[in-house]
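Read through the structure below, which is laid out as structure tokens, and then see the notes.
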Amino acid sequence: MTATSPDVTDPTEATAAVVERLYLAMLDGMDVMAVAIGDRLGYYRALDAEPRTAAALAGATGTHERYAREWLEQQAMTGYLRVSDGVFALAPGTGEALARPGTSSWVAPMLRQFAVAAGHWTDIAAGASTGSGFSWAGFGRDMFESQSDVNAGQLLESLAETWLPAAVPDLHARMAAGEQVRVADVGCGGAWAGIALALAFPGVQVDGYDVDGPTVTLANENAERADVADRVRVRQHNLARHAPDAEYDLVLAVECVHDMPHPVPVLTAMRRMIRNGGRVLVVDMKGAEEFVPDGEPSQRCLYGYSVLICLPDAMSGNPDGATGTVIRPSTMDRYARDAGFTGATALPVEHDLWRFYELTR
Ligand SMILES: C[S@@+](CC[C@H](N)C(=O)[O-])C[C@H]1O[C@@H](n2cnc3c(N)ncnc32)[C@H](O)[C@@H]1O
């Protein structure tokens, strides 16, 4: 059922249905915030190590026992935990989803990211009344750390092995053969795209570019921890201002064009960064071809991100983009043409929320 369900026409029934739906949505919203708190306090990791009482959980995490007990009971109420004789354990599946980083099943950072945005709801509302924005940097460290964590697992699992061969098979073959290939990771955030390629292909050398200083520090730390810092170097650079003085075989931008305040200048810089025969890949959100209010979950998800994070970000700093998360193929094609490309072609790569484009010169 959706709030606009055509099968509920009686006004009283329609109101009751909407009230019921909003009440359930509120419960889900509370769950998300409680998950974010448990994630921050290390509760899931501690319970993944072993089942615990409230006192044992508080002791293991250095937190207050009374709060720990309330959280444990709330989580048992939602079904993420099981309890027997006062000992709480993760329910099947909870460990993979909330306690174990490094795979695409680890969704804790997505919920954390939602919680960060929710904490700024008054800033977002204020921006919506005046038309001002709320920048990515304004959301703070929790936001860009969550973003880095959200994408790490899936990029490490699939970029080199699955998506790249489907998107640019010839370039992938060169990488797989150990050729020296220079890659630019644009708007790189935690730089997991570049790190994934460097880990998979010993001949790949990556330059990451991001406008945000603390994000650059995090990205270089990630490269260090992944042991590829000699081949993945990230620097602070505003690509909307000018293109770096370097040429690349692959210029890659993952999940960033839609929330850039100045997407066309950045795409223009990307065009200038390709060497002869080089390729430009843009991975961005899979907005439907056109707006259809059918409640389809992936589009609802994109609109949720857009209202809470990406449109406020895209509206910041005298924007010329104001795109939002729901970027459509026609928008990407228009941006590409405005940046001097001949167009943006969607590639045959499967993903629930992302679409892969090649931008051609
Ligand atoms: C949503 S994050 C995506 C990060 C990363 N690609 C990922 O997949 O996790 C978008 C990033 O684009 C960066 N960005 C926005 N405008 C930029 C610009 N003009 N030049 C360089 N980076 C920019 C932001 O600082 C932010 O880190």
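The values are calculated or read from the model by the stated rules, or taken from the named source; none is laboratory data. Since this is a predicted model, take the numbers as computed values, not measurements. Here the Cβ is made from the backbone with ideal geometry for all residues, glycine too, and neighbour counts use every protein chain on show. Just so you know, the surface numbers come from the protein's heavy atoms only, side chains and all, with ligands and any DNA or RNA stripped out. Shrake-Rupley method; radii C 1.70, N 1.55, O 1.52, S 1.80 Å.
S135 fulfils the conditions (1) within 9 Å of the ligand (Cβ to nearest atom); (2) open to solvent by 30 Å² or more (accessible area, probe 1.4 Å); (3) modelled with pLDDT of 95 or more; (4) of a type outside the set (A, V, I, L, M, F, W, C) except for a single criterion, (3). Residue count for region 191-200 under the criterion of being in contact (Cβ under 8 Å) with a residue 60 or more places away in the chain and away from the ligand (no atom under 11 Å from the Cβ): the result is 0.
The set of residues in region 96-146 being polar (S, T, N, Q) and touching a residue at least 60 places away in the same chain (Cβ under 8 Å) consists of Q113, S132, S135. For region 169-190, name all the residues that are within 20 Å of the chain's Cα centre (by Cα) and either away from the ligand (no atom under 15 Å from the Cβ) or assigned to a helix (DSSP H, G or I) (or both). Answer for region 169-190, where residues must be within 20 Å of the chain's Cα centre (by Cα) and either away from the ligand (no atom under 15 Å from the Cβ) or assigned to a helix (DSSP H, G or I) (or both): there is none. Condition (residue is over 19 Å from M110 (Cα atoms) and open to solvent by 20 Å² or more (accessible area, probe 1.4 Å)) applied to region 297-309: is it met by at least one residue? Taking every residue of region 297-309 in turn, none turns out to be over 19 Å from M110 (Cα atoms) and open to solvent by 20 Å² or more (accessible area, probe 1.4 Å).
Only one of (1) crowded, with 19+ Cβ neighbours inside 10 Å; (2) at pLDDT below 95 is not met by R355, so which one is it? Unmet for R355, out of (1) crowded, with 19+ Cβ neighbours inside 10 Å; (2) at pLDDT below 95: (2). Counting only residues that are more than 12 Å from the ligand (Cβ to nearest atom) and free of Cβ contacts under 8 Å to residues at least 40 places away in the same chain, region 218-256 holds 13 of them. Residues that are more than 13 Å from the ligand (Cβ to nearest atom) and surrounded by 17 or more Cβ atoms within 10 Å (Cβ to Cβ) do occur in region 205-217, at least one of them.
Considering (1) over 19 Å from the mean Cα position of the chain (by Cα); (2) crowded, with 22+ Cβ neighbours inside 10 Å; (3) within 9 Å of the ligand (Cβ to nearest atom), the lone condition that D259 does not fulfil carries the number (1). Of the set (1) open to solvent by 40 Å² or more (accessible area, probe 1.4 Å); (2) in a strand (DSSP E or B), all apply to P348 but (2).
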